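Notes for the one structure printed next.
The values are calculated or read from the model by the stated rules, or taken from the named source; none is laboratory data. Just so it is clear, the model here is predicted, and its values are computed rather than measured. So basically every Cβ, Gly included, is an ideal-geometry build from the backbone, and we count neighbours across all protein chains shown.
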Amino acid sequence: MSELLKISLPDGSVREVPRGTTPADIAAAIGPGLAKAAIAARVDHGFGAELRDIGRPFEGDAQLALVTARDEADALELARHDFAHILAEAVQLLFPGTQITFGPSTDDGFYYDFAPAPGRGPFTDEDLPAIEAEMRQIIAADQPLVREVWSRADLIARWQAQGESFKAEWASELPEGEELTVYRAGSGEDAWLDMCRGPHLASTGKLDPAAFKLTRVSGAYWRGDQANAMLSRIYGTGWLSKKQLDAHLVRLEEAAKRDHRKLGAEMDLFHLQAEAHGSVFWHPKGYMVWRQLEAYMRRRLDAGGYVEVKTPQIMDARQWEQSGHWGKYRENMFVVPDEIPHVGEEGSADDGPVLSGTADLMAIKPMNCPAHVLIFRQGITSYRELPIRMAEFGCCHRNEPHGALHGIMRVRQFTQDDAHIFCREDQLVDEVSKFCDLLDVVYKDLGFPDYAIKLALRPEKRFGSEAMWDWSEQSLRDAVAVTGRNTAEWGWEELPGEGAFYAPKLEFHLTDAIGRTWQVGTIQTDTVLPERLDASYIGEDGEKHRPVMLHRAILGSFERFIGILIEHFAGKLPVWLAPVQAVVATIVSDADDYANEVQTRLKSAGIRVEADLRNEKINYKVREHSLQKVPHLLVVGKREAEEGTVAIRTLGEQHQRVMSLDEAIALLVSEATPPDLRG
Ligand SMILES: [Zn+2]
Ligand SMILES: [Zn+2]
């Protein structure tokens with residue numbers, strides 16, 4: 001039967017081709033240039049576009065878009081997945097008896113989890129160079145990567161025959177009816193197989209052998225479960241070219257220098273320890289940064305018409321049930337019994353169970369939203385009182401797994417700069433655009449003039465009517481349009497499917513000094529929680545109405561934002577945020593009295609200043625305070641004491657400036673003034 005398939009191309013043209021034709025054939029028919037450049041295909045058989053192997057035949061009429069290296073996201077994904085397979089093949093060639101498990105692509109590369117041969121012990125960094133060399137040989141061999149569909153029984157038999165118990169276990173558990181695909185690298189009996197959905201590049205030679213690097217080894221449990229076998233995970237970073245790889249390695253090096261955990265220790269800002277996984281111990285200097293940031297935010301909120309509240313840390317589980325969190329967030333909540341523990345008298349044998357296990361449960365709040373609705377519900381609210389902008393620097397806890405925690409960026413206890421705006425429907429656009437303006441001022445004040453705005457649209461699984469979604473999405477769109485920031489210059493973009501299950505949201509992504517982006521700010525509409533917790537106001541018509549609730553944050557959390565500030569500024573915080581703004585350092589002890597006088601004058605001018613009168617060489621003092629990232633060092637010796645001057649050495653500058661004490665005070669006061677208080 002010579003049935004022809006209709007393949008539509010992006011330019012609108014349609015080609016009729018016989019069954020068995022592949023995207024690679026179409027690329028070749030279009031021209032040799034494209035045949036060489038095409039690495040994969042987006043194929044839509046009418047069920048949505050799917051990224052596929054370039055050599056996989058069409059199964060019916062289809063729309064085709066050929067993917068080349070210029071489609072960078074797709075190309076990177078494919079390359080990284082290929083690197084993961086090649087890593088696994090290389091490890092098995094070098095270390096017979098090693099079992100393979102899984103190896104996905106990651107944000108900057110790939111990893112693969114292995115069960116080392118019995119008695120061999122986990123892989124180490126010392127193994128990596130040999131594995132890299134083996135990978136380069138596999139790439140040089142240009143092995144074809146061929147997709148095959150297997151029956152479950154054959155696949156399990158094959159894995160068992162090869163001693164691959166992890167793969168066999170997985171193959172036996174894949175859902176009935178799922179097509180089991182295998183990728184074969186190379187040909188003949190020696191071909192290397194991995195079970196995989198694909199897609200892959202056509203052959204290993206499509207990769208640049210100089211565009212990857214194995215980076216580290218760690219432990220990982222089979223299927224992420226601590227009860228299972230410990231595997232050995234090898235990580236790599238993978239790119240399309242050596243140039244891309246090199247640029248990435250430079251970025252990593254720069255990021256390591258800026259790592260907030262390293263700088264936080266050097267600057268004595270905070271520490272973390274295992275006794276309080278994911279909760280930060282803020283030291284005096286770190287907490288000074290926090291206090292300045294909080295005071296600044298509070299002034300901005302006051303000026304923006306917000307009211308500040310403080311709500312309970314622990315509430316009854318029934319309250320969380322009503323708000324819907326108990327169902328959705330239960331696994332992330334810290335739960336405590338509402339019970340006085342039973343402990344025996346000291347020295348007595350009466351050591352019954354400390355907790356009965358029958359008490360009512362309470363939960364430490366993972367978010368502030370329900371408590372704010374409970375405040376809103378006190379008394380009767382008239383339409384005239386809206387909008388109500390209710391802010392709280394709310395301390396929340398979420399039970400994140402230890403492995404997910406990262407310094408002060410990803411923690412279990414964090415304080416949000418949270419607020420909820422309760423408003424009428426007709427106020428929504430205005431409130432959201434006001435929020436965008438406030439956020440713009442704050443980001444610029446904090447040193448982030450560069451940020452992008454994105455609109456996350458309705459996800460597949462969602463609450464609420466289509467009309468509600470249409471209206472909410474359009475309101476957010478309109479609000480950004482009012483501010484004029486819905487342009488490419490502002491990174492304006494709509495993200496289909498990325499909204500929360502109850503509402504769309506605007507996301508604000510900061511770009512930092514080394515080009516990384518951080519999503520911090522967010523605002524989202526919500527009509528569900530006011531409904532669940534029965535919040536209402538009396539409208540102009542005398543009837544009860546539901547307010548719209550806006551959840552919004554500018555910094556996200558203080559912990560994470562301070563982490564971002566530290567990395568963005570590489571520790572050299574703006575003077576107004578610096579915990580110690582100046583140090584007066586003596587060259588000789590003769591200048592001690594004068595140094596004390598300078599310190600007193602600066603203190604009374606409101607500067608956070610310390611004096612360093614130690615009998616140490618001035619270069620030693622300079623080095624030490626530079627490491628602490630103190631913005632200004634005021635060096636005083638005999639001559640400065642006699643002349644009433646100071647020699648200012650500013651962090652990051654080569655030369656020192658000599659000026660009168662009065663001039664120095666004026667300079668420091670001006671730099672130490674928070675941006676919102678400058679004239
Ligand atoms: Zn694969
Ligand atoms: Zn909220």
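Annotations
- Screening 213, 206 for residues that are basic (Lys, Arg) and either within 15 Å of ligand 1 (Cβ to nearest atom) or modelled with pLDDT under 90 (or both) leaves exactly one candidate, 206.
- On inspection, residue 272 passes the criterion of being within 29 Å of residue 516 (Cα to Cα), of a type in the set (A, V, I, L, M) and touching a strand residue (DSSP E or B) at 6+ places or on another chain (Cβ under 9 Å).
- Hits in the stretch 43-57 (condition: over 15 Å from residue 197 (Cα atoms) and either in a loop (DSSP other than H, G, I, E, B) or of a type in the set (D, E, K, R) (or both)): 44, 45, 46, 47, 48, 57
- Test for residue 24: is it without any contact (Cβ under 8 Å) to a residue 24 or more places away in the chain, assigned to a helix (DSSP H, G or I) and not charged (D, E, K, R): no
- In the set (1) under 30 Å from residue 372 (Cα atoms); (2) surrounded by 16 or more Cβ atoms within 10 Å (Cβ to Cβ); (3) of a type outside the set (S, T, N, Q), the condition left unmet by residue 585 is number (1).
- Scanning the stretch 485-514 for residues that are within 22 Å of residue 448 (Cβ to Cβ), loosely packed, with under 14 Cβ neighbours inside 10 Å and in contact (Cβ under 8 Å) with a residue 24 or more places away in the chain returns a single hit, 495.
- Qualifying residue in the stretch 347-362 (condition: within 16 Å of ligand 2 (Cβ to nearest atom), under 32 Å from the mean Cα position of the chain (by Cα) and crowded, with 18+ Cβ neighbours inside 10 Å): no
- Cβ-Cβ under 8 Å pairs, at least 6 apart or on other chains, the stretch 184-202 side more than 19 Å from residue 101 (Cα to Cα) and away from ligand 2 (no atom under 16 Å from the Cβ), far side small (Gly, Ala, Ser) and in a strand (DSSP E or B): 201/40
- Residue among 87, 66 that alone is buried (at least 20 other Cβ atoms within 10 Å of the Cβ), more than 16 Å from ligand 2 (Cβ to nearest atom), over 27 Å from residue 214 (Cα atoms) and not small (Gly, Ala, Ser): 66
- Some residue of the stretch 112-119 being of a type in the set (A, V, I, L, M, F, W, C), surrounded by fewer than 20 Cβ atoms within 10 Å (Cβ to Cβ) and either farther than 24 Å from residue 224 by Cα or in the same structural domain as residue 230 (by TED's automatic domain parsing) (or both): yes
- Scanning the stretch 397-410 turns up one or more residues that are within 16 Å of ligand 2 (Cβ to nearest atom), outside the structural domain of residue 225 (by TED's automatic domain parsing) and under 26 Å from the mean Cα position of the chain (by Cα).
- Residues that are aromatic (Phe, Trp, Tyr) and either closer than 24 Å to residue 555 by Cα or assigned by TED's automatic domain parsing to the domain that holds residue 404 (or both), drawn from the stretch 238-292: 270, 281, 282, 287, 290
- Scanning the stretch 58-90 for residues that are within 20 Å of residue 132 (Cα to Cα) and either out of contact with any Leu (no Cβ under 9 Å at 6 or more places or on another chain) or in a strand (DSSP E or B) (or both), we see that the one that is nearest to ligand 1 (Cβ to nearest atom) is 84.
- Odd one out for residue 230 among (1) at pLDDT 90 or above; (2) away from ligand 1 (no atom under 14 Å from the Cβ); (3) surrounded by 15 or more Cβ atoms within 10 Å (Cβ to Cβ): (3)
- Identity of the residue in the stretch 94-119, within 13 Å of ligand 1 (Cβ to nearest atom) and assigned to a loop (DSSP other than H, G, I, E, B), that ends up farthest from residue 171 (Cα to Cα): 104
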